[in-house]
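The values are calculated or read from the model by the stated rules, or taken from the named source; none is laboratory data. Because the structure is a prediction, the values reported are computed rather than measured. Note that we place each Cβ from the backbone using ideal geometry, even for glycine, and neighbour counts take in every protein chain shown. Side chains included, ligands, DNA and RNA excluded: accessible areas come from the protein's heavy atoms. Shrake-Rupley method; radii C 1.70, N 1.55, O 1.52, S 1.80 Å.
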Amino acid sequence: MMTQISKAQLKAQLLSYARQIGFDSCRIAACDTPAHATEFREWLRDGAHGEMNYMQRGEEKRCDPQKVLSGAKSIVVLALNYFQGEFIRRPETAATGRIARYAWGDDYHAVIEAKLDKVDHFLREFGGQQKCYVDTGPILERDHAAQAGIGWHGKNTMLIDERLGTWFFLAEILTTLELPIDEPVEDRCGTCERCIKACPTGAITAPHRLDARRCISYLTIELKGSIPLELRPLIGDRIFGCDDCLDVCPWNRFAQVSHETAFSARESTTGMALREYLRLSDAEFRQLFKNSPIKRIKRRGFLRNVCVALGNAGDLSDLSALERAAADPEPLIAEHAGWAIEQIGARHGINPSNRRTGSKKEAAIS
């Protein structure tokens, strides 16, 4: 039996329930065409999405939410803080890699999907039909989130909330229920361009314009094959994603540590030396990153990234691990390990082809 209350009462109950189950923000947008649908189509035509073909496959749905859920009237936009503070314990005796903050703990998809199921059930009691997404469906989520007033579009294309800064996940629920909408908030970036200047690869080509093909998050996560040679040195020690354009945002001085313990940092993401990762078998990789977003790029993708990071930040003590990786049955790992060996050798004036000559010097660094 459907519960009958006013739209305003339903919205008030929804907001209260969303806070109760852990969301930091819940706001409503009308289920309309996203504001930047035209710009999105142009972005696709320019090929700036790289190999993310799912963007193109879902183009029509992303530009028309009615194609996702016919009869949808409202979009419930939810935000969940994942910030874990600044202190991270890292080994001091070997090169380590940087992993984007959102991936320090458990996979946000599973954490948030469980909460969305609860909201879906809540709305069904009032006769609503829903489609729920957390970075998993054909929807231009930042447009709808900005329209709902969750935050405003930063110049790096990320959303900024004056309370949460940039450290939050977004989730959306399309519903056939008509709910009172919220108003957008004012863009408060002003003349600041710190995020644009901070990008190591120049991927933010203009305010609100990102070329994914140069973005380190794309290169270390979405790209399945070999990382372009000219971009490898720019990746530095980043092995899964990149937070540089977020770290410099002045609004993050207001960020508070998340109350969601599932996002707490793991030893596997913040406490291991890079060369330790190269010892992982496929089974060990899957176990180490169980319930982690890192698991999605598989051992081949992750160790590819680790090799690049060692090529940029490693030293002679990492060569033995890289030589083993250069003999890995997975060609992607082997190729990037070979590149890393060359980079370290060049920095230290060593010809990699002479590594196994048996000289005392070579033996010492092995």
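Once the piece of chain linking K197 and E113 is laid out straight, how much longer is it, given 0.36 nm per residue of separation minus the C-alpha distance between them?
Gain on extension, K197 to E113, equals 26.8 nm.
If one puts a single equal scatterer on every Cα of segment 1-45 and applies the Debye formula without solvent, what log₁₀ I(q)/I(0) results at q = 0.26 Å⁻¹?
The Cα Debye sum returns log10 ratios of -0.94.
Would you work out which of L116, G151, I235 lies farthest towards the positive end of the dipole of segment 101-237, given +1 charges on the beta-carbon of Lys and Arg and -1 on that of Asp and Glu, about the Cα centre?
I235
List every residue whose amide H lies under 5 Å from the amide H of S264, counting only residues 5 or more places away in sequence or on a different chain, with H placed 1.01 Å from N in the peptide plane.
Those lying under 5 Å, H to H, from S264 are D106.
Output the peptides 29-38, 148-157 sorted from most to least packed, where packing is the average of other Cβ atoms within 10 Å over each peptide's residues.
Ranking, from highest mean packing down: 148-157, 29-38.
Tell me the mean residue ellipticity at 222 nm calculated for the chain from its helices only (DSSP H runs of n ≥ 4, each -39500 (n - 2.57), averaged over every residue, nearest 500). Numbers along the way, then the final one.
Numbers: 16 runs with 133 residues, N = 366.
After summing the helix terms and dividing by the residues of the chain, the value is -10000 deg cm²/dmol.
Which residue fluctuates most in the GNM of the chain (Cα springs below 10 Å): D187, D243, D315?
Highest fluctuation among the options: D187.
Relative to the longest principal Cα axis of the chain, at what angle does helix 331-347 sit, 0 to 90 degrees, rounded to 10?
Here the helix axis deviates by roughly 60 degrees.
Run the quick spin-label model on E342 and L229: label points 7 Å from Cα toward the beta carbon, then report their separation in nm to one decimal.
0.5 nm
Under the √(5λ) rule applied to the eigenvalues of the Cα gyration tensor, what semi-axes describe the equivalent ellipsoid of the chain? Give them in Å, descending.
They are 43, 21, 19 Å, listed largest first.
Quick one: which of K11/K67; K73/K155; K7/K131; K67/K298; K7/K118 span more than 21 angstrom between C-alpha atoms?
The answer is K11/K67; K73/K155; K67/K298.
Under the 0.36 nm per residue contour assumption, what length would be gained going from the current alpha-carbon distance of E183 and D46 to full extension?
Additional length available on full extension: 46.1 nm.
I'd like the accessible area for F122: 1.4 Å probe, protein heavy atoms, all chains in place, Å² to the nearest 10.
Estimated to the nearest 10 Å², F122 gives 30 Å².
Under a 1.4 Å probe, what is the accessible area of the chain per residue, stated in Å²?
On a per-residue basis, 46 Å².
Please work out whether segment 1-80 counts as rounded, prolate or oblate from its C-alpha gyration tensor, where a ≥ b ≥ c are the square roots of the eigenvalues and a/c under 1.5 means rounded, while otherwise a/b larger than b/c means prolate and anything else oblate?
Taking the square roots of the gyration eigenvalues as a ≥ b ≥ c, segment 1-80 is prolate.
For the chain, modelled as a Gaussian network with Cα springs under 10 Å, which listed residue fluctuates most, E323, E42, E113?
Sorting by GNM fluctuation, first place goes to E42.
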